[in-house]
């Protein structure tokens, strides 16, 4: 692994503890204006100081992130299907490596669809993207996406998907948490980060998911809806960050969340009574 590629990876997964907090805001590329991400700039701005990196598309990066803020970018470069389309797995590379270099991306991200109709195409695209990224010292993050027809997310399936991603040359893999997650991590020779997935019922569910995944060997999180769809997104990302970087327990993270939430409520301007 050359110096440039190592250096870019170190921006995302911090070398001090080999962990990272990635903020996922790329949902619009197939979901459109997702709830509470309708105006990306408003959602992203208050969370930037607490994210080790941002995962997003070039369109949102250009329009909605302050270029003066030195946050590492994990650039989503695949797409081509929508939530209302016939097949979510029919993605192709939509952003060139040359464009990623212009945007100063620290890594490239694309989805692979193991067991779905377009499995072959997504895996070949991953191999090609790794080839091209390595020419310029840019690492690739592979997302083990699960299409509508593949709702089972067990250790056997995710181990297969993550290992294949690593075998094709991905430098980091993003996947879902599941029971026996140690099996997934131990069988994948590159760092594994967990996806937050759909919004969970309670904050404690989020903290338990994060703590359990890290205990099982995950290198960090790439969380979106469970942070910015919360009524207190800054408190959420700070609490998640405490688990990732300070090794806080789920309960300690919940206490941090409640404390920040309370302090924010006290400092908020009171509405005048008419």
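So here's what we get for this one:
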quantity: Residue count for region 1-51, restricted to those that are exposed (fewer than 13 other Cβ atoms within 10 Å of the Cβ), within 25 Å of residue 80 (Cβ to Cβ) and touching a residue at least 40 places away in the same chain (Cβ under 8 Å); calculated: 2
quantity: Residues of region 91-127 that turn out to be in a helix (DSSP H, G or I) and touching a residue at least 60 places away in the same chain (Cβ under 8 Å), as a count; calculated: 0
quantity: Search result, residues across region 31-58 that are touching a strand residue (DSSP E or B) at 6+ places or on another chain (Cβ under 7 Å) and closer than 21 Å to residue 110 by Cβ; calculated: 51, 52, 53, 54, 55, 56, 57, 58
quantity: Exclusive hit being touching a helix residue (DSSP H, G or I) at 6+ places or on another chain (Cβ under 9 Å) and within 25 Å of residue 130 (Cα to Cα), set 37, 23, 9; calculated: 23
quantity: Selection within region 68-80 - touching a strand residue (DSSP E or B) at 6+ places or on another chain (Cβ under 9 Å) and either farther than 23 Å from residue 191 by Cα or without any contact (Cβ under 8 Å) to a residue 40 or more places away in the chain (or both); calculated: 71, 73, 75, 79, 80
quantity: Leading residue by the ranking (farthest from the chain's Cα centre (by Cα)) among those in region 11-54 that are under 14 Å from residue 245 (Cα atoms) and part of a loop (DSSP other than H, G, I, E, B); calculated: 16
quantity: Single unsatisfied condition, residue 87 versus (1) in contact (Cβ under 8 Å) with a residue 24 or more places away in the chain; (2) part of a helix (DSSP H, G or I); (3) out of contact with any helix residue (DSSP H, G or I) (no Cβ under 7 Å at 6 or more places or on another chain); calculated: (2)
quantity: Residues (part of a loop (DSSP other than H, G, I, E, B), under 13 Å from residue 93 (Cβ atoms) and under 16 Å from the mean Cα position of the chain (by Cα)) located in region 55-82; calculated: 57, 77
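The rows are residues; the columns are (1) surrounded by fewer than 18 Cβ atoms within 10 Å (Cβ to Cβ); (2) more than 14 Å from the chain's Cα centre (by Cα); (3) closer than 15 Å to residue 13 by Cβ; (4) at pLDDT 95 or above.
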site: 184; (1), (2), (3), (4): no, yes, no, yes
site: 193; (1), (2), (3), (4): no, no, yes, yes
site: 201; (1), (2), (3), (4): yes, yes, no, yes
site: 209; (1), (2), (3), (4): no, yes, no, yes
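Residue-wise test of (1) surrounded by 23 or more Cβ atoms within 10 Å (Cβ to Cβ); (2) under 19 Å from residue 167 (Cβ atoms); (3) within 17 Å of the chain's Cα centre (by Cα).
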position: 92; (1), (2), (3): no, no, no
position: 95; (1), (2), (3): no, no, no
position: 105; (1), (2), (3): yes, no, yes
position: 113; (1), (2), (3): yes, yes, yes
position: 116; (1), (2), (3): no, yes, no
position: 119; (1), (2), (3): no, yes, no
position: 129; (1), (2), (3): yes, yes, no
position: 133; (1), (2), (3): yes, yes, no
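The values are calculated or read from the model by the stated rules, or taken from the named source; none is laboratory data. Just so it is clear, the model here is predicted, and its values are computed rather than measured. Please note: Cβ atoms are built from the backbone with ideal geometry, for glycine as well, and neighbour counts cover all protein chains shown.
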